[in-house]
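The values are calculated or read from the model by the stated rules, or taken from the named source; none is laboratory data. What you are looking at is a predicted structure, and each value in this text was computed from that prediction instead of being measured. Glycine also receives a Cβ, built like all others from the backbone with ideal geometry; neighbour counts cover every protein chain displayed. The area values use the complete protein model at the heavy-atom level, side chains included, leaving out ligands, DNA and RNA. Shrake-Rupley method; radii C 1.70, N 1.55, O 1.52, S 1.80 Å.
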Amino acid sequence: MKKAHFIGIGGIGMSALAQYFKDQDVVVTGSDREESPVTELLEKKGMRIVIGQKAENVPTGADMAVYSDAVPEDNLERARARELGIPQLSYFEMLGGVSKGKKTVAVAGTHGKTTTTGMLAKILGDAGASPTAVVGSIVKDFGSNYLHGDSDIFVVEACEYRNHLLELSPHVLVITNLEWDHTDYFPSLEALQDTFRKAIDKVPAEGIIVTDPNNRNIAPLLAVAKACVVDYTKEPSYDLRLPGEFNQNNARAAAAAARAVLPSITDSIIAESLEAFQGTWRRFEYKGKTANGADVYDDYAHHPTAVKETLKALRAKTNGKIIVAFHPHLYSRTRDLLDEFAVAFSDADKAFIAPIYAAREVDDGTISSEILAERIRATGIDATALDLDVIEKKLADAEKGDTVITMGAGDIYKVANALVART
């Protein structure tokens, strides 16, 4: 392949794959709906990125078009690629092809995938293993969501949505934890478990599965395992810059996976690497202070458990008031997990709920940010549904000693950026 065009190149996985191909001397072009820190990163690396998707963006000489899941079949650029006879693959189809023939380590699970993948890539890098890594966020330690490696070790964050996980054939499969999510695709926890059962079954006998075998949602699935199962919970606690027990579990999973890949790795290399790990973009990321002196954090949490655990960790760090601005992601997730979301904000003093980020969905009128705010208020937390611009103004009024945290998979991070930019 000489030339590849990426439709939706600003996607966190798509952009990492684009960087991989550029490293292989492929001429990479791409487009996305809007600018972002990710598209800026790609432009700095010499790729031609067009903002706005139009048929003329597709180069006539392209050998392949790679598209994000967020890009529908009737997208103008996908239609143009068909007219030109350019083969098309989804992100995960292409990722599966790239990983074939490599010693693939797939990091899956409902929570902690990104941090665990970043930690694992850093440990292996610090151990001299020179892995290639595709991560679901920008890792501060290497300034990208992609790490170039010279070995056959391929570390990849693997999402279960639409069974994408099954496109991969990992030698080592990490399952951090498992809860019902992506409710627009998986009608039940059992349906989600079936995907993970198939993923477990794909790991060959000489491979390794790193997980918590006592997790009630994972344990029943391990009956089909041919590979050795390693219990990451037996790893010790590590000195981390990142707070929260959930990050300790991420570190344990990364450490156990590193041992699975490199049996000769020493305890000291793992411990020193994890202690130095700086974290990733939008994962409990400290942004700075507001003009009034309030601390500002930003986090990607968009599942009730992630929201609850992140606020719990934040509460352990401060005795001051915690003000959270939450951007619900998808109508289906907000509706199907409404009971869980309602009780997830117990460690906050005040919550502002932004309009639901629709992404790939259409509003059917059954759920709204107002309904979620009402359910949170019923638990005794001061919660209000507001537009993003109003939320930004409200958060700017936070006082010194207060802690502000923006949360969600949508555009809420822009509010955090704006708050600290005023200082």
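With the simple spin-label model, which puts each label point 7 Å out from Cα in the Cβ direction, the Arg82 to Asp363 separation comes to 3.0 nm.
What a 1.4 Å probe finds exposed on the range 379-423 is 46% carbon and sulfur by accessible area, rounded to a whole percent. Taking the range 329-423, which GluC sites (Glu not before Pro) meet the DSSP loop condition and have no more than 16 other C-beta atoms within 10 Å? Filter output for the range 329-423: Glu361, Glu399. Any chance you could tell me what percent of the C-alpha pair distances in the range 12-94 go past 16 Å? It works out to 49 percent of all Cα pairs. Protein heavy-atom accessible surface, 1.4 Å probe, per residue over the range 126-188: 31 Å².
The mean of 1/r over all distinct Cα pairs in the range 268-369, once inverted, gives the Kirkwood hydrodynamic radius of 15.4 Å. Can you give the Rg/Rh ratio of the chain, where Rg is from the C-alpha atoms and Rh is the Kirkwood radius? Ratio of gyration radius to Kirkwood radius for the chain: 0.96. Its residue count N fixes a reference of 2.2 N^0.38 Å for the range 130-203, and the Cα radius of gyration divided by that reference is 1.25. Packing, taken as the mean count of other beta carbons within 10 Å per residue, orders the peptides 407-414, 114-121, 203-210, 73-80 from highest to lowest as 114-121, 407-414, 203-210, 73-80. Taking every alpha-carbon pair under 8 Å whose residues sit at least 6 apart, the chain reaches a relative contact order of 12 percent.
Using only Cα coordinates, the Kirkwood hydrodynamic radius of the range 1-157 works out to 15.8 Å. Using only the Cα atoms of the range 217-303, build the gyration tensor, take square roots of its eigenvalues as a ≥ b ≥ c, and label the shape rounded, prolate or oblate: rounded if a/c is under 1.5, else prolate if a/b is larger than b/c, else oblate. It is oblate, given that a/c is not under 1.5 and a/b is not larger than b/c. Placing +1 on the Cβ of every Lys and Arg and -1 on the Cβ of every Asp and Glu, with no other charges, gives the range 105-253 a dipole of roughly 60 debye about its Cα centre.
Using R0 = 41 Å, the C-beta based FRET efficiency linking Arg315 and Ala55 works out to 0.20. Under 10 Å, Cα contacts only: if you run a Gaussian network model on the chain, which one of Ala301, Ala16, Ala70 comes out with the highest mean-square fluctuation? Of the options given, Ala70 has the highest mean-square fluctuation. Surface analysis of the range 261-385 yields an accessible area of 42 Å² per residue, using protein heavy atoms and a 1.4 Å probe. For the range 59-191, with all protein chains in place and a probe radius of 1.4 Å, 48% of the accessible heavy-atom surface sits on carbon or sulfur.
Computed over the alpha-carbon pairs of the range 102-168, the distance histogram in 10 Å steps reads 24, 55, 21, 1 percent, short to long. Shape analysis of the range 377-423 yields a ratio of the Cα radius of gyration to the Kirkwood radius, Rg/Rh, of 0.97. The fraction of all Cα pairs in the range 328-418 landing in successive 5 Å bins from 0 to the largest distance is 2, 14, 25, 26, 20, 10, 3, 1, 0, given as whole percents. When the P(r) of the range 137-295 is calculated, the portion above 29 Å amounts to 24% of the C-alpha pairs. Length, then width, then depth: along the principal axes, the Cα atoms of the range 152-240 run 37, 29, 27 Å. When the chain is described by a simple charge dipole with +1 on each Lys and Arg Cβ and -1 on each Asp and Glu Cβ, the residue from Ala301, Leu178, Gly85 located farthest towards its positive end is Gly85.
The loop-placed trypsin sites (Lys or Arg not before Pro) in the range 181-237, going by DSSP, that have at most 14 neighbouring Cβ atoms within 10 Å of their Cβ come out as Arg216, Lys226.
What FRET efficiency comes out for the pair Lys394/Ala205, r = Cβ-Cβ distance, R0 = 56 Å, nearest 0.05? Efficiency at R0 = 56 Å is approximately 0.50. Can you compute the modelled spin-label distance between Val224 and Ser346, with each label point 7 Å from Cα toward Cβ, in nm? Here the answer is 3.5 nm between the modelled labels.
The equivalent ellipsoid that matches the C-alpha gyration tensor of the range 252-296 spans semi-axes of 34, 10, 6 angstrom, in descending order.
Solvent-accessible surface of the range 42-94, averaged per residue with a 1.4 angstrom probe and all protein chains in place: 52 square angstrom.
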